[in-house]
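Report on the structure given below.
The values are calculated or read from the model by the stated rules, or taken from the named source; none is laboratory data. These numbers were taken from a predicted model, which means no experiment stands behind them. Here the Cβ positions follow ideal geometry from the backbone for every residue, glycine too, while neighbour counts run over all protein chains shown. When the accessible area is computed, the model is the full protein with side chains, heavy atoms only, and any ligands, DNA or RNA have been set aside. Shrake-Rupley method; radii C 1.70, N 1.55, O 1.52, S 1.80 Å.
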Amino acid sequence: MAFSLRFFFLFLAASLFLPPSDSCHPTDKEALLHFKLKITSDPSHLLLSWNSATDCCSSWDGVACDSYGRVTNLTRPGIVSGIDFIADTYMSGSLSPFLGNLSSLQFLDLSNLKDVSGRIPFEFGKLSRLTHLFLDSNKLMGSIPRSFGCLFRLEKLYLGNNQLSGIIPSSIFEHFKCLSELGLSGNRLSGPIPSSIGKLIQLKNLDFHANNFSGSIPRSIGKLTNLRYLDFSENELTGRIPTSIGGLSELVLLYLNQNKISGSIPSSVSGLSSLIFCRLSENQLSGRLPASVGKLAKIQRLILENNKLSGKLPSSIGRLTTLTDLFFANNRFTGKIPKTFGNLENLQTLDLSRNSLSGGIPHQLSKLQRLQSLDLSFNPLGLRSIPNWFVKMKLFRLLLAKTGIEGAFPKWLSSSSISVLDLSANRLTGPLPHWLGNMTNLSFLNLSKNGFHSTIPAEFKNLLLLMDLDLHSNHFTGCLDNIFSKGVQDPLGHFNSIDVSHNHFSSCIDENVGNRAAMSSIKSLVLSDNELEGEIPKSLSELSELHVLDAARNKLSGEIPAELGNATELTTIFLSKNKLCGRIPAEVLNLQKLWKFDVSENRLCGKIPPHKTHFPASAFKHNRGLCGAPLPPCKHS
């Protein structure tokens, strides 16, 4: 008997010191099974191992527990990557409120499931131990639950790329003392950004882009001194950039583009000493650019285009030797391009187009040996000629439209490696030189709105990489064969667009134009306002990607080929003011994507075929033999 009692007490003592069970807690198991029940589609079987007969801690994928059998991690994202693979899948259904019963949960990742919809359950606010919550890239809707204010341990919260709406309750930010990353981008959230955001003093990443937020950027933003990433772009924000923003000395990225922010850029931006990427474009910013911008010692990309900034460009910008990309296009800057820009030794892109800059191009820019793209278009620079020192540069893109260039096509271009060249809207004259064929890197050429007068040289065929050509509004003559039959260098060199309108091109269009290799991918073919003769080639039907065909105001004759109805991508056909005859083919008029059509002022006859798209009567007028809707009905003999 004494032995039995001693054994009993030894067993009791031992049981008191046994480690806690690691089997799944029944409350947590019930919550997870209810989550699975709310999932209506799981094509990749992310939840296949979740079985009521097995232990959720040891057997269920994506679930981790503590030593007490309480679930701490739930990870079932739609994108999973490993050393040598990326798996991308989805689940459909909704979020179960029972997940709020996972009282020990610290990490919840249900991101990128794409098709999880419905509201975020209010019960999620009970997850008081949660540090990481990822619900981004789903179809969640409704407002952000106010109960989230109880998640005081949260360090990372991502709800982006959903369909969330409503305002952000200001009380939520009162308690997020540990939050370092907050992502709400790509939703439909509206109203002002709460000033209480200034209490998120641990915040490093803040992304609200692509919502409907309105009102001003709160001044309290300047209290977020640990912030490195700030993106408020693509909203409806108004007011000024707060001067307090200069206190964000750790900020690396600042995106405020595509809002309605007005006023001047504050001089306090000089305090953004860590800034590398800055985008303030597509706003209503005005006034002078402060000289203090020259203190952004680490800046690489500075994008201020499409605003109303004025005055002279600060010479202090020349101190920003880390700059790689500078976009100041479409503002109201005046004066000369500062000589100090020649100090921007790492600059790759310089875009000052569509301003009111004058006084030529400073020769100091010849020092920019890393410069690949230069756009000074639509400035009254009064260049007369392109400086010869340009030949020393290694430009990939050169755009000098409407800058006052005169005379012949610049000879130094024959030895350049330029791919994109725009010299449109200048006063260039003379023939298109034969050495143009030496510019074998050209992929885009715009010489429109000049005074060129010649045929297209045979050497044009050597432009094997050319894909976009605009020669409109010149005095070119001859035929178009050297354009249509140019060579290609597969997969490059197939035309996207050709515009040779408003010239004096004549003769017939090559009947095999639709079979030429260079034409196989063309989307826009504009031949209007020339003196082209003959019939419309039937081979145009082979152009399977053609969207726009404009051959109006020529001398084309014959019938509209019914085969044109095989070019099923056509949205626009303009053939007015020619000498076309015969009937309008029903196959053409009923092209499924056609919404612009004009054959007025020809010699067409017969009844207009029935068609579903509404075309105005003006599209058919002045064809004596045409009748039927939308013109008056045909007379029966």
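Scanning the range 545-588 for residues that are within 21 Å of residue 625 (Cα to Cα), hydrophobic (A, V, I, L, M, F, W, C) and in a strand (DSSP E or B) turns up 556, 573, 574, 580, 581. Count, please, the residues in the range 52-74 that happen to be in contact (Cβ under 8 Å) with a residue 12 or more places away in the chain, closer than 17 Å to residue 37 by Cα and touching a Phe, Trp or Tyr at 6+ places or on another chain (Cβ under 9 Å). Total satisfying the criteria: 6.
Scanning the range 609-637 for residues that are under 21 Å from residue 561 (Cβ atoms) and under 42 Å from the mean Cα position of the chain (by Cα) returns 609, 610, 611, 613, 615, 619, 620. When you scan the range 486-507, do you find a residue that is basic (Lys, Arg), in contact with a Lys or Arg (Cβ under 6 Å, 6 or more places away or on another chain), touching a residue at least 12 places away in the same chain (Cβ under 8 Å) and open to solvent by less than 30 Å² (accessible area, probe 1.4 Å), even just one? Yes - at least one qualifying residue is present in the range 486-507. Looking at 52, 58, which one is modelled with pLDDT of 65 or more and part of a loop (DSSP other than H, G, I, E, B)? Unique residue meeting the criteria: 52. Considering only residues in the range 592-604 that are open to solvent by 10 Å² or more (accessible area, probe 1.4 Å) and part of a loop (DSSP other than H, G, I, E, B), the one that is nearest to residue 622 (Cα to Cα) turns out to be 601. For the range 384-401, the criterion of being over 15 Å from residue 418 (Cβ atoms) and modelled with pLDDT of 95 or more is satisfied by no residue at all. With respect to residue 567, determine if the residue is under 37 Å from the mean Cα position of the chain (by Cα), of a type outside the set (Phe, Trp, Tyr) and under 21 Å from residue 456 (Cα atoms). In short, no. Every condition in (1) within 21 Å of residue 69 (Cβ to Cβ); (2) out of contact with any strand residue (DSSP E or B) (no Cβ under 9 Å at 6 or more places or on another chain) holds for residue 102 except the one numbered (2). Counting only residues that are in a helix (DSSP H, G or I) and either in contact with a Gly (Cβ under 9 Å, 6 or more places away or on another chain) or open to solvent by 20 Å² or more (accessible area, probe 1.4 Å) (or both), the range 293-302 holds 2 of them. Looking at 207, 231, just one residue is crowded, with 19+ Cβ neighbours inside 10 Å, in contact (Cβ under 8 Å) with a residue 24 or more places away in the chain, out of contact with any Phe, Trp or Tyr (no Cβ under 6 Å at 6 or more places or on another chain) and acidic (Asp, Glu), and that residue is 207. Whenever a residue of the range 310-326 is modelled with pLDDT of 95 or more and open to solvent by 20 Å² or more (accessible area, probe 1.4 Å), its partners that are among the basic types (Lys, Arg) and in a loop (DSSP other than H, G, I, E, B), lying with C-beta atoms within less than 9 angstrom and at least six residues away or across chains, give the pairs 312/336; 322/298; 324/370. Once the range 526-551 is narrowed to residues that are within 20 Å of residue 593 (Cα to Cα) and touching an Asp or Glu at 6+ places or on another chain (Cβ under 7 Å), the residue that is most open to solvent (accessible area, probe 1.4 Å) is 538.
Is at least one residue of the range 616-634 in contact with a helix residue (DSSP H, G or I) (Cβ under 8 Å, 6 or more places away or on another chain), surrounded by 14 or more Cβ atoms within 10 Å (Cβ to Cβ) and over 27 Å from residue 481 (Cβ atoms)? Yes, the range 616-634 has at least one match. Counting only strands (runs of 3 or more DSSP E) wholly contained in the range 124-238, the ones carrying 1 or more residues that are closer than 26 Å to residue 275 by Cβ and among the hydroxyl-bearing types (Ser, Thr, Tyr) occupy 156-158, 212-215, 229-231. None of 180, 170, 143 is touching a Gly at 6+ places or on another chain (Cβ under 9 Å) and surrounded by fewer than 21 Cβ atoms within 10 Å (Cβ to Cβ) except 143. Residues in the range 346-388 that are open to solvent by less than 20 Å² (accessible area, probe 1.4 Å) and assigned to a helix (DSSP H, G or I): 1 in all.
Listed by first and then second residue, the pairs linking a residue in the range 398-426 that is in a strand (DSSP E or B) to a residue that is charged (D, E, K, R) and surrounded by fewer than 18 Cβ atoms within 10 Å (Cβ to Cβ), with Cβ atoms under 6 Å apart and 6 or more places separating them unless they lie on different chains, are 406/384; 406/427.
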